[in-house]
Amino acid sequence: MKKALFIFGLLSAYLALLAPFTAYLRNKPFDEKLGYVPHADVLKPLSADQKQFVAAWFVLKTASYYGGLVQQAQSRIYEPPEYFGMYKTIETALHLDPYNMDGYYFAQAILAWDMKRIHEANALLEHGMKYRDWDFYLPYFAGFNYAYFLKDYAKAAKYYQRVGELTGDALAMRLAGRYMYEAGRTDLAIAYLAAMEKGAQNESIKKTFQIRLKALREVRRIEMAQEQYRHVVKRGPKTVDELLQGGYLQEPPVDPYGGKFYIDKDGVIRSTSKFAFGVHSE
Amino acid sequence: MLPIFFITLKGLFRERVFRGILISAVLFLGIPFISTLSMRQVAELSITLSLSLISFILLLLSVFLGGSSFWKDVERRYVFSVLGLPVSRTDYLLGKLGAVAGFVLLIAIVLGLIACAVIWLASSAYPPTLRPVVWTNIFFAIFFDALKYVLLVGIAFLFSTVSTSFFLPIFGTVSIFLVGSATQELYDFIRISEQAFSPLVKNIITLLYYFIPNFGAFDLKVNAVYGISLSPAGLMMTAGYFILYFALVVSLSSILFSRRELR
């Protein structure tokens with residue numbers, strides 16, 4: 001009887017501890033959760049014959065953390081993402097297994113789009129191109145980064161040329177030429193994101209593409225209203241409200257990142273969310 | 001030699017090692033689900049996880065069976081009763097080693113078949129977009145992984161022939177596995193790194209590189225996962241390396257065991 005009571009007491013204490021213990025582990029900061037990630041040169045010999053597994057584990061862990069953030073942000077809980085921690089982890093993973101496509105894909109998503117560290121993103125993509133020499137996605141990402149973010153069309157053309165060579169695709173070849181100049185940046189991004197969204201297999205990543213696409217389609221809608229306004233009034237609108245009041249925009253635009261759209265002094269459509277979760281500057 | 005081989009193999013089955021392995025093989029069932037967490041490479045991730053799991057199970061088997069089965073016979077004095085029969089020490093050693101190595105190979109085949117089913121399942125649900133699954137590469141990756149662990153069993157037996165304690169065969173084998181898996185990386189690192197290493201460090205690493213078995217050479221996971229072509233000459237050389245190194249380890253074990261004073 002005494003023994004049974006003792007076991008029952010132990011079990012109750014265990015169950016009582018479980019809830020706060022799980023909450024504590026769940027709320028640990030990302031860097032702490034992941035622990036210290038040693039340099040790839042040290043990890044390589046340490047991971048023995050499990051390099052690909054260790055790399056895949058790092059990538060999955062980072063992706064699931066990021067997926068969690070997206071979920072939280074959609075429920076309007078903003079937690080500043082540990083971008084640097086994510087970047088360092090992915091970089092280490094890609095040095096352990098330079099063939100891991102998920103790593104490049106994710107680096108492109110967070111480094112280029114969220115952190116705007118285009119040169120770092122391109123450096124990683126360059127690293128990948130040395131190994132995955134059959135993969136057209138890597139030069140496609142790099143070309144897009146040069147054209148869209150850096151407006152360096154000559155460099156972009158070089159990468160699109162490579163995409164064309166790898167795929168034999170006429171569109172890529174066209175992108176490598178004058179088309180890049182003429183295409184609006186927003187159209188270019190919409191086309192890129194729509195293709196990415198279609199190919200995404202992971203649900204949370206697919207969702208991030210869908211959100212971004214939604215935001216860019218709203219930007220494109222405002223841009224079209226802006227062009228119409230300019231055509232009629234012969235000057236650019238100063239605020240989005242002007243477009244709404246003038247009837248150029250039928251419905252108020254909604255930023256899925258929770259921000260508010262505005263027109264900057266150069267006439268470019270921007271949002272207070274900077275098109276990323278948790279980066280609010282009101 | 002053959003009776004020892006069959007008795008040992010029977011003993012391994014009787015110890016229910018096989019059942020223990022089948023329980024850990026249940027983890028294979030989780031692989032198709034975990035693989036879908038990948039963003040772009042579900043099939044590749046399923047191959048990575050399957051090969052990693054096979055490698056991990058074979059490592060545990062080689063270390064524990066290799067490190068314990070021969071040592072246990074000596075420690076429990078079973079070896080005396082057997083050696084009283086017209087069986088030479090070398091025959092006894094070869095029979096035991098053959099049985100454990102054969103068991104490792106058998107498990108590699110069983111796990112390899114399960115892995116193929118898992119990879120087939122994952123790659124049919126999410127076909128790889130850029131490169132198809134190269135089954136021959138997967139076969140070679142598992143086969144060379146199995147050879148690697150047979151060599152490790154040989155190392156564990158070598159330690160068992162000289163050790164009077166349980167710790168040397170187990171920890172010695174684990175250490176050789178870790179160092180042997182890293183020597184290629186370390187050797188490449190000191191050769192290409194711009195950092196200046198002292199001649200002593202360089203010599204130690206070079207010595208380790210030639211002396212310790214190069215397990216890195218048997219690791220063909222990257223070729224299997226990403227469908228990167230294998231070099232036939234490289235495979236032949238690795239197989240040759242295995243045969244010669246294994247023969248050396250077995251011969252040395254046999255010499256050491258023949259001279260060992262059994263009390």
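The values are calculated or read from the model by the stated rules, or taken from the named source; none is laboratory data. Since the structure is predicted, the reported quantities are computational estimates derived from the model, not experimental observations. Methodologically, a virtual Cβ is constructed for each residue, glycine included, from the backbone with ideal geometry; neighbour enumeration extends over all protein chains shown. SASA here: full protein model, heavy atoms, side chains in, ligands and nucleic acids out. Shrake-Rupley method; radii C 1.70, N 1.55, O 1.52, S 1.80 Å.
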Matching residues in the stretch A:126-158 - criterion: being within 14 Å of chain B (Cβ to nearest Cβ), touching a helix residue (DSSP H, G or I) at 6+ places or on another chain (Cβ under 6 Å) and part of a helix (DSSP H, G or I)
A:Gly128, A:Met129, A:Leu138, A:Pro139, A:Tyr140, A:Phe141
Looking only at residues that are touching a Lys or Arg at 6+ places or on another chain (Cβ under 9 Å) and among the hydroxyl-bearing types (Ser, Thr, Tyr) in the stretch B:64-107, which one is nearest to B:Arg14 (Cα to Cα)?
B:Ser69
If B:Asn214 satisfies every condition in (1) under 18 Å from the mean Cα position of the chain (by Cα); (2) over 14 Å from B:Phe143 (Cα atoms); (3) more than 14 Å from chain A (Cβ to nearest Cβ); (4) of a type outside the set (Phe, Trp, Tyr) but one, which is the exception?
(3)
Out of (1) more than 13 Å from the chain's Cα centre (by Cα); (2) more than 25 Å from B:Ile228 (Cα to Cα); (3) open to solvent by less than 10 Å² (accessible area, probe 1.4 Å), the one B:Phe159 does not meet is (3)
Looking at (1) touching a Ser or Thr at 6+ places or on another chain (Cβ under 9 Å); (2) without any contact (Cβ under 8 Å) to a residue 60 or more places away in the chain; (3) of a type in the set (S, T, N, Q), which one does B:Thr48 not meet, given that it meets all the others?
(2)
If you go through the stretch A:11-40 one residue at a time, how many are open to solvent by 30 Å² or more (accessible area, probe 1.4 Å), touching a helix residue (DSSP H, G or I) at 6+ places or on another chain (Cβ under 9 Å), at pLDDT 80 or above and part of a helix (DSSP H, G or I)?
0
State the number of residues belonging to the stretch B:112-124 that are touching a residue at least 24 places away in the same chain (Cβ under 8 Å), open to solvent by 10 Å² or more (accessible area, probe 1.4 Å) and under 26 Å from A:Leu166 (Cβ atoms).
1
Check the stretch B:231-245 and report whether any residue there is under 22 Å from B:Ala115 (Cα atoms), modelled with pLDDT under 95 and assigned to a loop (DSSP other than H, G, I, E, B).
no
Can you tell me which residue in the stretch B:165-179 is most open to solvent (accessible area, probe 1.4 Å), limited to those that are away from chain A (no Cβ under 11 Å) and β-branched (Val, Ile, Thr)?
B:Ile176
Pull up the stretch A:159-174, narrow it to residues that are in contact with a helix residue (DSSP H, G or I) (Cβ under 6 Å, 6 or more places away or on another chain) and open to solvent by 30 Å² or more (accessible area, probe 1.4 Å), then point me to the one that is modelled with the highest pLDDT.
A:Arg162
Using beta carbons and a limit of 9 Å, which pairs, at least six apart or on different chains, have the first residue in the stretch A:213-239 and within 13 Å of A:Phe261 (Cβ to Cβ) and at pLDDT 85 or above and the second one assigned to a helix (DSSP H, G or I) and open to solvent by 100 Å² or more (accessible area, probe 1.4 Å)?
A:Pro237/A:Arg230
So which residues in the stretch A:175-212 are at pLDDT below 80, under 16 Å from the mean Cα position of the chain (by Cα), assigned to a helix (DSSP H, G or I) and polar (S, T, N, Q), if there are any at all?
A:Ser204, A:Thr208
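Any residue at all in the stretch B:18-38 that's under 19 Å from B:Leu256 (Cα atoms) and among the polar types (S, T, N, Q)?
no
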Inside the stretch B:87-111, the number of residues satisfying the requirement of being open to solvent by 50 Å² or more (accessible area, probe 1.4 Å) and of a type in the set (Val, Ile, Thr) is 1
Checked the stretch B:72-86 for anything open to solvent by 70 Å² or more (accessible area, probe 1.4 Å) and under 25 Å from the mean Cα position of the chain (by Cα); matches are B:Glu75
Within the stretch B:32-48, the count of residues that are open to solvent by 20 Å² or more (accessible area, probe 1.4 Å) and assigned to a helix (DSSP H, G or I) comes to 4
A:Glu282 fails exactly one of (1) modelled with pLDDT under 75; (2) open to solvent by 70 Å² or more (accessible area, probe 1.4 Å); (3) on the phi > 0 side of the Ramachandran plot, namely (3)
Taking A:Val54 as meeting all but one of (1) open to solvent by less than 20 Å² (accessible area, probe 1.4 Å); (2) within 12 Å of chain B (Cβ to nearest Cβ); (3) among the β-branched types (Val, Ile, Thr), write down the number of the exception.
(1)
Condition (residue is open to solvent by less than 10 Å² (accessible area, probe 1.4 Å) and under 19 Å from A:Ile211 (Cα atoms)) applied to the stretch A:118-136: is it met by at least one residue?
no
Give just the number: which of (1) under 22 Å from A:Tyr99 (Cβ atoms); (2) in a helix (DSSP H, G or I); (3) open to solvent by 70 Å² or more (accessible area, probe 1.4 Å); (4) not aromatic (Phe, Trp, Tyr) does B:Ile255 not satisfy?
(1)
Just a yes or no: is a residue in the stretch B:180-198 more than 14 Å from chain A (Cβ to nearest Cβ) and surrounded by fewer than 21 Cβ atoms within 10 Å (Cβ to Cβ)?
yes
With respect to B:Ala146, is the statement that it is buried (at least 17 other Cβ atoms within 10 Å of the Cβ), within 19 Å of B:Val17 (Cβ to Cβ) and of a type outside the set (Lys, Arg) true?
yes
